[in-house]
Amino acid sequence: MLNNRQELQTLRVELKKALDKQTKKILVCAGTGCIAGGSLQIYDRLCELMKEKNLPYTVELEVDPHDESIGTKKCGCHGFCEMGPLLRIDPQGWLYTKVKLEDCEEIIEKTILNDELVERLAYKKNGEVYPKQDEIPFYKRQTRVVLENCGHINADSIKEYIAIGGYTAFEKALFDMNGDEVVKVIKDSGLRGRGGAGFPAGIKWETVRNTPAEKKYILCNGDEGDPGAFMDRSIMEGDPHRVLEGMMIAGVATGANDGYIYVRAEYPMAVARLKNAIAQAEEMGLLGDNILGTDFSFHVHINRGAGAFVCGEETALIASIEGERGFPRVKPPLTVHKGLFGMPTVPNNVETYANVAQIINKGADWFNSLGSKGNSGTKAFALTGNIENTGLIEVPMGTPLREIIYDIGGGCRGGAEFKAVQVGGPSGGCLTKEHLDMPLDYDSLKAVGAIIGSGGLVVMDEHTCMVEVARFFMNFTQNESCGKCVPCREGTKRMLEILERLVEGKGQPDDIDTLSELAEMIIDTAFCGLGKTAPNPVRSTIKYFRDEYEAHINGTCPAGSCQKLKKITIDPELCKGCSKCSRVCPVGAISGKVKEPFVIDQQKCIKCGACVSSCNFHAIKEA
């Protein structure tokens, strides 16, 4: 238990010395994706082999170790998920990709014992080998601020976090600054909320600080519900103490003594690591009553959500924490005036709080030096879809989309042509080729009818049907509507019905106009942010891909991906009349005489493709 500032500073020096005695480090990715690929078994096998060979290895940092050792760590997500399981070797900075259990012995023999690179495990691109992680094109163009510790420290160790400078910003805020000074730094930094529309965090903090109340709360939104997004999850899993430190600094700034982290139940590892981090901080005296001998007290609680997308909206989230159904409420009153349990509340997401410690330590000017005017700092994005390098990235605000898609992402998979990217999840919109050189920041996206949202980037290539994309996101939003207001509950249902007809080849001439009218009505009258942004994917795809909607109305899918709009035909020049296709057809749509060309009844055909795969003469074609 740390009783004062001096004890914390002394411990930090001792832990730094202990960390320096780990002359080699094996960092095994223990993010969700790599764990699914077997990384924990790899970690256990590496420890087992080192034990067998009597190698001095350390899995938990201890004060004043007598000998040098090999630090063997379960770390957070490295980000390069496409190449997992991943393993980093320090001090060389080597990154091993697609590691298998059977590779462990060679890693120990060559790399740990003889400092040799296992070249076959290094990343390769176009015949070039990239042993060092920082030299891999995927990482080279990134600026990792929020994610700087993910993949580099033991995700379960408060001692390691303290050893690398963790909680120095909290210490500075607690002892060297007052609440007004902390708020001013956050305001001057221009930090904007990283979970949605980008509202300035400092204004929220200032409002809560200046609102008199007997109790105030710090609320961390970890209910990351966008399909394809996993930024907050990776931060909570890979660097949980940084999130806690940001919340604690917010508590100092506003006079709040309690923090709540709302995490979706689908993130069990994030919950486990946050709970572990809270327990460690409490045991060390960094959370609880009279922290480090001061009169400041702070307690952190975790609430697990049941997966309702609407609970990403702050008032619905608050209702859920309070034990009510996750319904949004009318504003005003604003959350900063009357939020959790009716008290002033600071609502920010995980990534926002994860920026705070660095801003306090390095200053507002440093943060403003990153990003673009009015959009300071960096942004983490989940890069998914039809792209070569899927994973978690972090770039300065204002980075052009082209750099993200091609320089970091490696372009569309298989050399396909880029078509569009859905940014901001179900609440966002599509960006196209004409936007490739547009800076990716809050204001630029707002100008073209999209939002950054939490930071999901779903890349689509030339083979993607944009009407189906709109249908997919509308189906998601309609299912997730809480049903409280008619515009969202009924309006999204009507829009979904039209989109479903279109992809089934049953479109009507006025469908595009009807979709546009419904979209405007929902945006103008829906109760909360979910409803007001639900039509965005439809509006943006109509704007940039209206010709695809018109083609669907006319009975064709330009991308050839809508199953019910496909047309299967038999080439009479190639058909040998073997009758195999008619025998495999489940609905009897194919007829003809043996040794003569067969034909398909288009009215009966269900486009299942069984005939295509059965034809030995390649006479049956899909179009």
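Here are the numbers for this structure:
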| item | result |
| --- | --- |
| Share of Cα-Cα pairs in the chain lying beyond 31 Å, as whole percent | 57 percent |
| Span per principal axis, largest first, for the Cα atoms of the range 436-584 (Å) | 61, 38, 26 |
| FRET efficiency, 1/(1 + (r/R0)^6) with R0 41 Å, evaluated for Glu324 and Glu48 via beta carbons | 0.25 |
| Sorted by Cβ density within 10 Å, fewest first, the residues Lys532, Lys419 | Lys532, Lys419 |
| The chain, helix-only ellipticity at 222 nm - DSSP H runs n ≥ 4, -39,500 (n - 2.57), divided by all residues, nearest 500 | -10500 deg cm²/dmol |
| Cα gyration tensor shape for the range 466-553, rounded if a/c is under 1.5, else prolate or oblate | prolate |
| Per-peptide average of other Cβ atoms within 10 Å, ordering 400-407, 422-429 highest first | 422-429, 400-407 |
| Stokes-Einstein translational diffusion, the range 322-371 - Kirkwood Rh over all Cα pairs, 0.692 mPa s, 37 °C, in µm²/s | 243 µm²/s |
| Globularity index of the range 1-119, i.e. its alpha-carbon radius of gyration over 2.2 N^0.38 Å | 1.15 |
| Protection-proxy order for peptides 63-71, 101-109, each taking the mean of Cβ atoms within 10 Å per residue, highest first | 101-109, 63-71 |
| Taking Thr352, Thr168, Thr399 and counting other C-beta atoms within 10 Å, the order from fewest to most | Thr168, Thr399, Thr352 |
| Label-to-label distance, nm, for residues given as Asp513 and Lys593 (7 Å Cα→Cβ offset) | 5.2 nm |
| Label zone at Arg494 (point 7 Å along Cα-to-Cβ), backbone N below 17 Å, the range 514-539 | 514-527, 531-536, 538-539 |
| Mean Cβ count within 10 Å, highest first, over the residues of peptides 133-145, 338-350 | 338-350, 133-145 |
| In order through the range 337-353: 3J(HN,Hα) via Karplus (6.51 cos²θ - 1.76 cosθ + 1.60), integer Hz, x for Gly, Pro | 9, 9, x, 4, 6, x, 10, x, 9, 8, x, 9, 8, 4, 5, 4, 5 |
| Relative contact order (%) - criterion: Cα under 8 Å, at least six apart; region: the chain | 11 percent |
| Sorted by Cβ neighbour density within 10 Å, fewest at the top, the residues Met177, Met521 | Met521, Met177 |
| Net +/- balance of residues flanking Asp407 in space, Cβ distance below 11 Å, scoring K and R +1, D and E -1 | +2 |
| Cα centroid of the range 425-478 to Cα centroid of the range 281-302, whole Å | 42 Å |
| Set of lysines near Lys204 by C-alpha distance (under 26 Å), chain-local residues within fewer than 8 positions excluded | Lys172, Lys184, Lys187, Lys215, Lys216, Lys331, Lys338, Lys362, Lys373, Lys379, Lys446, Lys532 |
| Alpha-carbon spread of the range 318-458, three principal axes, descending order, Å | 54, 38, 27 |
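No value in this document is a laboratory result; all are computed from the given coordinates. If you're wondering where the values come from, they're calculated on a predicted model, not measured in any experiment. Every residue, glycine among them, receives a Cβ derived from its backbone with ideal geometry; neighbour counts consider all protein chains shown.
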